[in-house]
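The values are calculated or read from the model by the stated rules, or taken from the named source; none is laboratory data. Please read these numbers as outputs of a predicted model, since none were measured by experiment. Reconstructed Cβ throughout: ideal geometry from the backbone, glycine too, with neighbour counts over all protein chains shown. Areas reflect the complete protein model, heavy atoms only, side chains present, ligands, DNA and RNA absent. Shrake-Rupley method; radii C 1.70, N 1.55, O 1.52, S 1.80 Å.
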Amino acid sequence: MEIIKIVILSLSALMLIFVGVMRLTNPIKTYLKSSGIKLDNDASLLNEIRGVSTVMFCSGVIIFLGIFIGKLSLTSHFVAVLIFIGFAIGRLISLKVDGKPSKQIIQGILFELILGVANVFCLIHIWN
């Protein structure tokens, strides 16, 4: 089970760190390439995007540390659940309220749900 936890934390951390860094460093290009969303060069919008991107990056770092520091394992899984399930719930609400997004965003929802549920599985295993 320990290997499964390490793999799940690794995938979760790498995804958040990678996406966080890409959106933080070049949000206009990253959103267009990964989601098909064309962003305007609006300082307020870019400020919001970079803020969320930094939260993603920092969450990824905390999750990554849980691989190497045993005492952070529970916290790392919990942070991963909050981030992935939180994003997925928000996106599912948007799907219902705003309509169907692009194919890339639908794929993102699936990845978020899979990683969120995988981390919930690990939390359940830690608590039992």
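Filtered by the rule that a residue be buried (at least 18 other Cβ atoms within 10 Å of the Cβ) and out of contact with any His (no Cβ under 6 Å at 6 or more places or on another chain), the range 110-128 gives E112, L115, G116, A118. Does any residue of the range 63-86 turn out to be more than 22 Å from I3 (Cα to Cα) and of a type in the set (F, W, Y)? No, the range 63-86 contains no residue that is more than 22 Å from I3 (Cα to Cα) and of a type in the set (F, W, Y).
Screening L9 on (1) within 18 Å of the chain's Cα centre (by Cα); (2) in contact (Cβ under 8 Å) with a residue 40 or more places away in the chain; (3) farther than 15 Å from G108 by Cβ; (4) open to solvent by 50 Å² or more (accessible area, probe 1.4 Å) shows it passes everything except condition (4).
Hey, among K33, K96, K103, which residue is open to solvent by 70 Å² or more (accessible area, probe 1.4 Å), at pLDDT 95 or above and either basic (K, R) or closer than 30 Å to M1 by Cα (or both)? Outline the logic, then answer.
Values: K33 fails: at pLDDT 95 or above; K103 fails: at pLDDT 95 or above.
Just a single option satisfies the conditions, and that option is K96.
Evaluation of A43 against the conditions (1) open to solvent by 60 Å² or more (accessible area, probe 1.4 Å); (2) under 19 Å from I6 (Cα atoms); (3) among the aliphatic types (A, V, I, L, M) shows that the sole unmet condition is (2). Residues considered: I28, I83, I63. Of these, the only one that is open to solvent by 40 Å² or more (accessible area, probe 1.4 Å), of a type in the set (V, I, T), assigned to a helix (DSSP H, G or I) and at negative phi is I28.
Do we have I37 as of a type in the set (A, V, I, L, M, F, W, C) and not in a helix (DSSP H, G or I) here? Against the criterion (of a type in the set (A, V, I, L, M, F, W, C) and not in a helix (DSSP H, G or I)), I37 qualifies. In the range 96-128, the residue that is farthest from L32 (Cα to Cα) out of those that are small (G, A, S) and part of a helix (DSSP H, G or I) is A118.
Of I67, I63, all but one fail to be without any contact (Cβ under 8 Å) to a residue 60 or more places away in the chain and not charged (D, E, K, R); the exception is I63.
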